[in-house]
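First the structure, in the form of structure tokens, and then the observations on it.
The values are calculated or read from the model by the stated rules, or taken from the named source; none is laboratory data. Note that the structure is a prediction, hence the values are computed from the model and not measured. We place every Cβ from the backbone using ideal geometry, glycine too, and count neighbours over all the protein chains shown. The accessibility values were calculated without ligands, DNA or RNA, using every heavy atom of the protein model including side chains. Shrake-Rupley method; radii C 1.70, N 1.55, O 1.52, S 1.80 Å.
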Protein chains: 2
Amino acid sequence: MEETKEKEFGNLIRGKKVAKEVQDGLKAELEELQTKSPKVTPKPGFGYIIVGERPDSSLYVKMKIKACEEIGIQVKGDNFPVDATEEEVITKVQELNDDPEIHGILVQLPLPDHIDEDKVLSIISKEKDVDGLHPANVADLVMRGKSPRFVACTPFGCLHLIKTVCPDLSGLRAAVIGRSNIVGLPMFSLLQDANATVTLCHSRTKDIESILKECDIVVAAIGKPQFVKGEWLKPGCIVIDVGIHSIEDKTKKSGTRLVGDVDTASAKTVAKYITPVPGGVGPMTIAMLMNNIVKSWKIENFDE
Amino acid sequence: MEETKEKEFGNLIRGKKVAKEVQDGLKAELEELQTKSPKVTPKPGFGYIIVGERPDSSLYVKMKIKACEEIGIQVKGDNFPVDATEEEVITKVQELNDDPEIHGILVQLPLPDHIDEDKVLSIISKEKDVDGLHPANVADLVMRGKSPRFVACTPFGCLHLIKTVCPDLSGLRAAVIGRSNIVGLPMFSLLQDANATVTLCHSRTKDIESILKECDIVVAAIGKPQFVKGEWLKPGCIVIDVGIHSIEDKTKKSGTRLVGDVDTASAKTVAKYITPVPGGVGPMTIAMLMNNIVKSWKIENFDE
């Protein structure tokens with residue numbers, strides 16, 4: 001996937017480029033299916049709910065809408081004020097559940113403190129749960145012999161990136177750092193299901209260096225800027241950096257720059273492949289959301 | 001928990017004794033609650049379904065019934081012939097779901113090939129799913145910040161045994177060998193939730209010795225007789241042996257003897273604590289089933 005020649009260390013896995021390939025593929029697939037079967041629901045539909053005006057949440061939603069528009073997914077959105085009630089939000093989720101033009105529902109997190117996130121998420125129909133957080137999808141991801149309808153977008157995107165440089169994970173050692181419900185835990189299940197031998201590391205893990213030293217794949221999702229150091233890594237490994245943090249940098253005009261959970265400068269000298277921040281995992285999260293919406297539409301219309 | 005003095009290596013974790021303590025505790029608790037609140041459902045109720053006459057399944061069910069009787073749990077059982085239809089079994093599950101005297105339902109596995117196990121298990125009400133296999137219980141076990149109503153009995157029993165000799169697992173390294181839905185995967189989640197750093201090993205794992213060498217806790221549930229060797233282990237570790245196999249032994253009158261997934265003779269010289277086979281994990285599975293039935297009855301009657 002690299003245009004430049006592959007080096008022994010420090011090759012970038014360009015998530016932005018891979019995400020564009022995924023989205024271009026989805027667009028082409030949609031156009032083909034719509035031409036062949038003009039009678040099916042004309043377009044996949046994406047319904048989102050955002051409460052309040054957090055700049056990060058607003059930006060993420062904007063990026064998702066833009067991706068939908070590029071692919072040919074119609075969007076119905078609801079922007080609630082920050083003091084919206086839980087009941088209002090739940091009523092809207094139920095409307096989207098019942099709307100035959102909507103195939104995927106996203107409630108942008110975090111919600112304001114007075115709204116119970118778990119309660120709101122549990123209302124989303126599992127058939128439209130394109131974020132992969134419904135208990136039925138979680139259980140199907142975890143259990144052997146079952147396949148979830150939807151997988152959480154960020155870890156699903158990370159697995160896709162890993163596979164672009166290493167299609168067969170069987171027998172490899174992997175470490176996932178961080179155990180959140182939306183990244184670390186589903187990432188563990190995906191790597192395990194791909195037959196890697198996975199160690200789940202977290203804030204209570206001792207001597208993490210000695211674990212990473214053995215691992216062919218490292219996924220860092222612990223939420224600490226530049227936490228993973230190059231000298232902890234196994235030479236030639238693959239590093240996926242899920243973190244994104246703004247840190248002070250006086251050499252920049254803005255006074256800040258974006259970094260991940262990995263100290264990229266040192267890691268690049270040891271890892272064979274590494275995702276940049278920004279432009280690595282972030283774009284893939286959106287691409288996999290698009291993938292899930294189109295998948296939902298295909299199941300609805302083509303019984304796949 | 002050992003009556004004899006603790007040694008540096010080879011102390012037995014006597015599951016049979018621990019299981020008896022758990023069951024005696026449940027019996028005492030039941031008697032106390034029934035004396036205090038004579039108006040509540042007089043007894044917890046256990047409903048089982050067994051199809052066919054496999055000797056191992058029949059034996060397990062008998063042991064579960066005996067434990068219920070000792071504690072004071074009433075039992076309603078249905079023994080179907082091996083050619084019972086899926087519909088008959090499902091109808092019985094639904095009857096048990098609706099029966100207010102039943103607080104826990106067990107369908108003894110395996111079912112004959114013509115009956116879809118997943119389908120039958122998915123019918124069991126999650127409020128009576130004392131085997132902990134319902135997707136809602138699986139998802140709640142896996143996800144951070146949630147607590148399942150019921151945990152699968154064998155891994156739950158293993159955790160209980162580990163805690164008798166090591167109450168605080170935070171920061172320890174653990175390996176689970178085997179990734180079945182009823183043992184390996186929930187065992188991983190339980191150890192992880194107890195803040196151990198867990199590596200899930202399986203049939204595709206390479207160089208398992210080097211992983212076990214780092215681990216303070218090893219749970220073997222891979223289904224291969226005497227697979228784990230003492231020389232693979234970290235000196236002073238805790239070994240939980242979930243396997244049970246009958247192997248040839250000409251020195252025995254019966255011509256066979258029972259062994260686990262661990263080569264106990266060599267492991268005893270390296271591990272500080274190890275469960276025997278038989279008399280280790282097996283009795284704990286039954287004790288945790290009893291625990292789950294009583295828990296269900298308490299939630300129903302005391303809103304716990």
### Task
Name the residues of the stretch A:109-138, by number, that are at least 20 Å² less accessible with every protein chain in place than in the isolated chain; the surface is that of heavy atoms, probe 1.4 Å, without ligands or nucleic acids.
A:118, A:135, A:138
### Message
Let me check against my output: what whole-number percent is the relative contact order of the stretch A:127-225, with C-alpha pairs under 8 Å and at least 6 apart?
### Response
27 percent
## Note on the structure
Out of B:276, B:38, B:110, a Gaussian network model of chain B with alpha-carbon springs under 10 Å gives the largest mean-square fluctuation to B:38
### Query
So which trypsin sites (Lys or Arg not before Pro) in the stretch A:27-70 pass both tests, a DSSP loop state and at most 16 other Cβ atoms within 10 Å of the Cβ?
A:39
### Query
Hey, which of these cross-link pairs are over 23 Å Cα-Cα: A:20/A:66; A:146/A:213; A:36/A:295; B:16/B:62; A:62/A:229; B:20/B:92?
A:146/A:213; A:62/A:229; B:20/B:92
### Query
Rounded to a whole number, what % of the accessible area of the protein assembly as shown do carbon and sulfur atoms account for, probe 1.4 Å?
51 percent
### Summary
For the table A:43/A:272; A:39/A:64; B:43/B:119; A:7/A:224; A:27/A:250, the rows whose alpha-carbon distance is greater than 32 Å are A:43/A:272; A:27/A:250
#### Entry: Using θ = phi - 60° and Karplus 6.51 cos²θ - 1.76 cosθ + 1.60, couplings along the stretch B:77-85 (whole Hz; Gly, Pro as x)
x, 10, 9, 8, x, 4, 9, 4, 8
### Query
Out of B:253, B:272, B:229, any idea which swings most in a Gaussian network model of chain B, alpha carbons joined below 10 Å?
B:253
### Task
Measure nothing but the geometry: give the 0 to 90° angle between the long axis through the Cα atoms of B:153-165 and the longest principal axis through the Cα atoms of chain B, rounded to 10°.
50 degrees
### Query
Gap in Å between the Cα centre of the stretch A:130-192 and the Cα centre of the stretch B:46-108?
36 Å
### Query
Can you give the helix-only mean residue ellipticity at 222 nm for chain A, where every DSSP H stretch with n ≥ 4 adds -39500 (n - 2.57) and the sum goes over all residues, rounded to the nearest 500 deg cm²/dmol?
-12500 deg cm²/dmol
### 0 to 90° range, to nearest 10: angle between helix A:184-193 axis and chain A longest Cα axis
80 degrees
### Query
When ligands, DNA and RNA are left out and all protein chains stay put, how many square angstrom of accessible area per residue does chain B have with a 1.4 Å probe?
45 Å²
## Note on the structure
When chain B is treated as a Gaussian network with springs between alpha carbons less than 10 Å apart, the largest mean-square fluctuation among B:177, B:286, B:123 is found at B:123
### Message
Give me the summed buried accessible area for the A-B pair, 1.4 Å probe, to the nearest 100 Å².
### Response
2900 Å²
### Summary
Any aspartates and glutamates whose Cα falls less than 18 Å from that of residue A:126, other than same-chain ones fewer than 8 residues away, would be A:95, A:98, A:99, A:101, A:117, A:118, A:140, A:300, A:303, A:304, B:140
#### Entry: Using alpha-carbon coordinates, inclination of helix A:281-302 to the longest axis of chain A, degrees
40 degrees
#### Entry: For the stretch B:39-125: rounded, prolate or oblate by the Cα gyration tensor [a/c cutoff 1.5]
oblate
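Explain nothing, just the number: dipole magnitude of the protein assembly as shown about its Cα centre with +1 on each Lys and Arg Cβ and -1 on each Asp and Glu Cβ, in debye rounded to the nearest 20. Present the calculation step by step, with values, prior to reporting the outcome.
Numbers: 78 positive and 90 negative charges, 438 e Å.
I would put it at about 2100 debye.
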### Query
Using θ = phi - 60° and the Karplus curve 6.51 cos²θ - 1.76 cosθ + 1.60, what whole-Hz ³J(HN,Hα) does each residue of the stretch B:218-226 get, with Gly and Pro shown as x?
10, 10, 9, 9, 9, x, 10, x, 6
### Message
Just to confirm a number: summing +1 for Lys and Arg and -1 for Asp and Glu over residues other than residue B:228 whose beta-carbon lies under 11 angstrom from that of residue B:228, what do you get?
### Response
-3
#### Entry: Loop-located GluC sites (Glu not before Pro) in the stretch B:62-150, at most 16 other Cβ atoms within 10 Å (DSSP)
B:101
### About the Cα centre, charge dipole magnitude for the stretch A:192-304 (Lys/Arg +1, Asp/Glu -1 at Cβ), debye
500 debye
### Query
For label points placed 7 Å from Cα toward Cβ, what is the shortest-first list of nm distances from residue A:28 to its copies?
7.1
### Query
Using the alpha carbon gyration tensor of chain A, what are the three equivalent-ellipsoid semi-axes (square root of 5 times each eigenvalue), largest first, in whole Å?
33, 22, 20
### Summary
By the Kirkwood definition, with r running over pairs of different Cα atoms, the protein assembly as shown has a hydrodynamic radius in Å of 26.5 Å
